[in-house]
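The values are calculated or read from the model by the stated rules, or taken from the named source; none is laboratory data. Keep in mind that what you see is a predicted model, and the values were worked out from it rather than measured. Using ideal geometry, Cβ is built from the backbone for each residue, glycine included, and neighbour counts are taken over all protein chains shown. Note: accessible area is taken over every heavy atom of the protein model, side chains too, but ligands, DNA and RNA are not part of it. Shrake-Rupley method; radii C 1.70, N 1.55, O 1.52, S 1.80 Å.
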Amino acid sequence: MAEEITESPNHPPPETPPTPPSEPEFDSKTMRRTKPGLKRLFLTFTVLVSFLLGFPFLFKSVEIYRSPLPFQDIDSLSNDVVSNPFLFPCHFQAILVPFDPKSSSIDLNLDELELSIRSKITKLASKGIASQCGACTNNFTLSLTLDDGDCTQSSSKFYKCGAIRAVDLDFGDDESVDEALESAGLDSGGKVYSVVVVVNGDGVEGVKVVVGKYRHAWIVGRDWGVEEVAERLAEIFVRVFVNGGREEGLIHGEFMPVGADGKIVLSFNLLNADPSDWTYDWDFQKIDETLLAPMIDALGPIANISVESQVLYHTPKFSVSSWDEKLGGYIFSTKDLPFFVNSNEWHLDTSIAAGGRSKILQFVVYVPSAKECPLLLQLPNGEISKTNAFISPMWGGVMVWNPQSCSRDSDSELLVRHIMSPEDLQKIFEVFVGQFRQLFGLKSGSLHVGAMGTYSLLASEKGFTEWELDVLSRQHTCFNIHSSATTLGSLSKLVQSLPRMIIMDEIGKQVKFSLEAAKLARVNASLGFYDASAVSSRQARSLAEDAFFHPSIMSVSYYSFEHCFAVYSPFFLPVSMHVLLAALREWRRYKQEKAKYLLWKAKEKVAS
């Protein structure tokens, strides 16, 4: 049975539940309900950071090692060479003695004579004579001594009064006078250039001037005035002792036959033009020991000299000679000299020791064939050369040696090997020594023609006299220091212009030692130690050249940074661009998604 339930009209209606707030409008394109995650952004930036951290390792892998160089010291050396030229000290002294103090006297005022000599030395220097680098006319001392019994001296520190007795000297024998003056101790152990003036010399007509093989000269003659004595003394001091007997000035260093490493290789070659006519050989070792060894020792401070020899066959000359009935021989003139050396047949450059920057000087003894014997060199004046030899600057010298009998040996069935006699070898190598002197810019003869007359120059057994070695040492020191300063300056500019050039520690040491040697050379030069300054300057130049031409400098690794970027950018630039763009794109995406989330949160807050 169903029961109907009715409501009373007075009963209130039931309460309706409150309607929930309306949800804000959601746009999926501009809003998002969840907070964007950082995982993608973290991974992307992790890749970017790891890629950026790899760049230092890349730069380290392509780093160029550069030893620090003393650029300031190099610039200081270059400036000193230009602004402060070498001032080699020279000490001059003149000693005036009467031939016989008992019967003659000298009427000269020393003060007046000293002023006149100084004035004339300055005048010669102002003309450009001995005023170049390596001279000492701007830094010299002068002392005079009148040893006539009373011994009047003008600030003399070297001569001991009474050491010279002119009456005991035989002025007809120059060698004995030279040795007597050397034993008198004119320089007292120092490098002093002395001129002994003997007045009223017995047995001498006119004026006789002789320059010895040490550091002194002597003038023998009759009475003369102050001006004439001063003129002769100044000429000997400047033109001979300072200038080396050259009228046109000092030897140009760039033409001196010394290699950049301070070495010279003397290559002596005996050439048999046609061995079917005759063959000649020589005892070179004996000549090396007796004649060449003293000369090499004397030139030791200037250059490190080594010697080699060889005998070649089938070496015809390149030029053509013609028979001259009047002169009785085959003639080749000075016009033929450029074509005399046959470089195709004369294989002279065979030295292994002459590698690098050493200077090779070739000295050739050419033995002509029978069909051109005797072969004679005709000078431009039409005369036949006494030495039958000629030189080629910076190359060496050639001497044509004709056998005593030009009859060929080919008539016999067996050829005979001839050995040159010691006398012939002595003459040949005396010519070579003269050529070697000429290559150094010195005279090969025994006379010097000056403004005041002709002077006799005594020859030394060593090939170079003491005062000539001083000239070469001063000049060579000056040139070496200039050369080392120029080389180091060029290296400094090159290194600074190429920041990626390899500079090994060895180069840094060579530059350092070169600067120290150059400084030592300047100190020794200022103290008058010519030999020591020459050795130090040679080391400075050699080390500078070694540093500049070091093999590591020639490496291809010293390209510029721009070139390095161009090499590596095709490999790393595409990858780096993709990684960077991906990071930027992800960062922008993250900012956009976060902005959507913040917009949704803002609307949700307003709606609530």
Cα long-axis angle, helix 110-126 against the chain (0 to 90 degrees, to the nearest 10): 50
Any idea of GLU289's accessible area? Nearest 10 Å², probe 1.4 Å. 120
Once you put a point 7 Å from the Cα of CYS151 and another 7 Å from the Cα of SER306, both along the Cβ direction, what distance in nm separates them? 5.3
Which is farthest toward the positive dipole end of the stretch 37-84 among PRO56, PHE42, LEU77, measuring Cα position about the Cα centre, with Cβ charges +1 (Lys, Arg) and -1 (Asp, Glu)? PHE42
Carbon and sulfur atoms: what percent of the 1.4 Å accessible area of the stretch 480-608 do they account for? 66
Report the extension gain between SER497 and ASP111 in nm, rounded to one decimal, defined as 0.36 nm multiplied by the number of residues separating them, less their alpha carbon distance. 133.0 nm
For VAL197, residues with placed amide H under 5 Å, excluding near neighbours: ILE95, LEU96, VAL97, ILE219
For ASP27, what charge total do you get from the other residues with a beta carbon under 11 Å from its beta carbon, if Lys and Arg give +1 and Asp and Glu give -1? +3
Heavy atoms only, probe 1.4 angstrom, no DNA, RNA or ligands counted: give me VAL199, VAL575 ranked by accessible area, highest first. VAL575, VAL199
Multiply the residue separation of LYS39 and LYS591 by 0.36 nm, subtract the distance between their alpha-carbon atoms, and state the gained length in nm to one decimal. 197.3 nm
Spin-label zone in the stretch 68-92 - amide nitrogen under 18 Å from a point set 7 Å from the Cα of ARG118 along the C-beta vector: 89-92
For the stretch 523-535, Karplus couplings with θ = phi - 60° (6.51, -1.76, 1.60), whole Hz, Gly/Pro x: 5, 4, 5, 5, 8, x, 8, 5, 5, 5, 5, 5, 5
If the limit is 20 Å between Cα atoms, which of LYS29/LYS594; LYS127/LYS519; LYS39/LYS603; LYS335/LYS386; LYS371/LYS427; LYS386/LYS443 go over it? LYS127/LYS519; LYS39/LYS603; LYS371/LYS427
Taking 0.36 nm per intervening residue step and subtracting the Cα-Cα distance, what contour gain separates SER76 from LEU580 on full extension? 176.5 nm
The chain - percent relative contact order, Cα under 8 Å, separation 6 or more: 20
Does anyone have the angle between helix 226-235 and the longest principal axis of the chain? Alpha-carbon axes, 0 to 90°, nearest 10? 50
Among TYR313, PHE340, LEU292 the positive-end extreme of the charge dipole of the stretch 291-349 (Cβ point charges): PHE340
Calculated [θ] (222 nm, deg cm²/dmol) that DSSP helices of n ≥ 4 give over the chain, each run adding -39,500 (n - 2.57): -12500 deg cm²/dmol
Just the accessible area per residue of the chain, please: how many Å² with a 1.4 Å probe? 53
Taking a crude spin-label model, label points 7 Å out from Cα along the C-beta direction, the THR46 to TYR568 distance in nm is 2.6
Using only Cα atoms, find the angle between the long axis of helix 561-607 and the longest principal axis of the chain, and express it within 0 to 90 degrees, rounded to the nearest 10. 20
Dipole of the chain, positive end: most advanced residue of GLY172, SER126, GLN539 [Cβ charges, Cα centre]: GLN539
Pop the C-beta distance of ASP283 and HIS347 into the FRET formula with R0 = 30 Å and round what comes out to the nearest 0.05. 0.85
